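Participant: Shown below is the structure under consideration.
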Amino acid sequence: MRTALFTLVFQHRSLDEAIRMAAEVGYEAVELLGREPHLPADTSQERARRIKRVADGAGLRVACLATYTGGYSAKTDAECLQELVNLEKCLKLAVILGCPLIRHDPGGPSALVAGPEERARAMAWMRKAAEVAQGYGKKLAMEIHNNSLVETADAAALFLEELGADNVGVIHDAGNMYITDTDYGAYSVQRLGDRIFHVHVKDELRVEDDSLPRTFRDRTRHGEEIFQHNLLGEGAVDHLQLFTALVRAGYGGYLSAECHGTPDDRATAVHELAEIRRLVAQATGLARAAGGRLPGLPFHRV
């Protein structure tokens, strides 16, 4: 498994600085924040070529474009068509950047409460998006996220099975799945198999006091809850079980550090990389001790 830094961690810095700092810290790649001040959909191709030179000079690959495109389920036809236009802009940037993967989401609400019309709309437009991406030789990844049609491993797997597009998969996000209160360990890895195209890594914690730093509110199946962004290892998300399952399954993609909101972004990037490396080493040992591979398909590699 390889390491990437989601430049959301450095959202208050320029993209050039974020890339250079990620390299200095020791990451192997970057996942680019798909909005200002980093890489919105309307970024010029000239700017994209300059970013590519910066990344190449720093010795980093661009692992994923974390765009904010899609969200079809609650949009009009005209709005959905504009999302396809925005996606195509991002795909052109991805070609310049040598990036194989674009985050693109179907929308919400939760699969538990979504109506058939919302699901059908998202499905129809995601099929169109998959065709557009295929024309550029790129893959799309839906982030597993609370209050989306793909907020659990089961919901994501069912959506993908019905979608029937080989170039669409998911971004596994244990932090988001902790918020949703769903399995993010071995079962999720087995259920999704080679449709895990990318992995986000961040730690979260349920709290009772929203006066604490870095807290936010989110609505879950338990009602409105309060959560706190934490450094990896200081929250309640057990990434060791996830990493062990990924090692056993042969996942060779990126683990992308996403922690944000802390006062010292560079120290956060340093801490997250060290903790990811420590957990991967520990997970590798546990996987060897367990013996054998988890059942499932061989993993997608980018």
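Yes/no matrix, rows are residues, columns are (1) closer than 24 Å to N86 by Cα; (2) hydroxyl-bearing (S, T, Y):
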position	(1), (2)
T3	no, yes
R20	no, no
A23	no, no
V30	yes, no
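Participant: I need the full set of residues from the stretch 151-167 which are within 20 Å of R217 (Cα to Cα) and not hydroxyl-bearing (S, T, Y), in order please. Walk me through it before giving the result.
Facilitator: Here is the first cut: in the stretch 151-167, the residues within 20 Å of R217 (Cα to Cα) are 151-152.
E151 - this is the single residue of the stretch 151-167 that is within 20 Å of R217 (Cα to Cα) and not hydroxyl-bearing (S, T, Y).
Participant: Now a separate question. Could you grab me the full set of residues in the stretch 1-23 that are of a type in the set (A, V, I, L, M), in contact (Cβ under 8 Å) with a residue 40 or more places away in the chain and crowded, with 23+ Cβ neighbours inside 10 Å?
Facilitator: Passing the criteria: A4, L5, L8, V9, I19, A22.
Participant: To continue, here is another question. Scan the stretch 198-234 for residues that are crowded, with 17+ Cβ neighbours inside 10 Å and closer than 23 Å to G285 by Cβ and jot them down.
Facilitator: V199, V201, D203, L232
Participant: Here is a follow-up. Of the conditions (1) more than 17 Å from the chain's Cα centre (by Cα); (2) surrounded by 19 or more Cβ atoms within 10 Å (Cβ to Cβ); (3) part of a loop (DSSP other than H, G, I, E, B), G107 clears all except one; give me its number.
Facilitator: (1)
Every number here is computed from the coordinates shown, using simple stated rules; none is lab data. Predicted model only: the values in this text are computed from it and were never measured. A quick note on method: Cβ atoms are made from the backbone with ideal geometry, for glycine too, and the neighbour counts reach across all protein chains shown.
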